[in-house]
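Right, one structure below, let's go through it.
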Amino acid sequence: MSKKKEEKKIDTALSKSRSKKNSNKISEKGKAYITSTFNNTLVTIANEKGDVIAWGSTGAAGFKGTRKSTPFAATLAVEMTVKKVVGKGLKLVDVYVKGPGAGRDSALRAIKSGGLSISSISDITPIPHNGVRAKKKRRI
């Protein structure tokens, strides 16, 4: 009998720990990070503190190969991510765009059409000040 009681205690403790999920506090304001490369577009939406609420990518939206790098794929990936966040109560975002990819502009349009208000847009693409050291001169 005592073994069964112990097993029940263990089962209930496990089920409690499994059901307890890490839920970040979501205010009405947040940050959206869009990384657009030549091959993919990644979207991460965080709260004001910087804790990630939801993320998405063109690969997660179901695209493979060269179709991942299209503006249409970026639009769908952002719309999926925005739906998750709007359902949790987010309304206003600061957008940070990084990279030279084709999905930059379409991702911004998708955020707006998804129901989020954009308060600011910042380009945080890293730009080298002087670049890497040049190769040594070729001797013939």
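A few remarks follow.
- Top-ranked residue in the range 25-40 [being closer than 16 Å to Lys84 by Cβ and of a type in the set (Val, Ile, Thr); ranked as modelled with the highest pLDDT]: Ile34
- Just so you know, in the range 40-60 the residues that are in contact with a helix residue (DSSP H, G or I) (Cβ under 9 Å, 6 or more places away or on another chain) and among the small types (Gly, Ala, Ser) include one that is farthest from Gly101 (Cα to Cα), and it is Ala54.
- If you go through the range 62-75 and pick out every residue that is surrounded by 20 or more Cβ atoms within 10 Å (Cβ to Cβ) and without any contact (Cβ under 8 Å) to a residue 24 or more places away in the chain, you end up with 1.
- Residues that are polar (S, T, N, Q) and assigned to a helix (DSSP H, G or I), drawn from the range 60-78: Thr66, Ser69, Thr75
- Odd one out for Val52, checked against (1) closer than 16 Å to Ala107 by Cβ; (2) surrounded by fewer than 18 Cβ atoms within 10 Å (Cβ to Cβ); (3) aliphatic (A, V, I, L, M): (1)
- Selection count where residues are of a type in the set (Ser, Thr, Tyr), assigned to a helix (DSSP H, G or I) and surrounded by 13 or more Cβ atoms within 10 Å (Cβ to Cβ), scope the range 79-129: 2
- Ser106 in contact (Cβ under 8 Å) with a residue 24 or more places away in the chain, out of contact with any strand residue (DSSP E or B) (no Cβ under 7 Å at 6 or more places or on another chain) and not aromatic (Phe, Trp, Tyr): yes
- Scanning the range 116-140 for residues that are at pLDDT below 95 and either small (Gly, Ala, Ser) or under 24 Å from Ala61 (Cβ atoms) (or both) yields Gly131, Ala134.
The values are calculated or read from the model by the stated rules, or taken from the named source; none is laboratory data. Quick caveat: nothing in here was measured; it's all calculated off a predicted structure. All Cβ positions, even for glycine, are placed from backbone atoms using ideal geometry, and neighbour counts span all protein chains on display.
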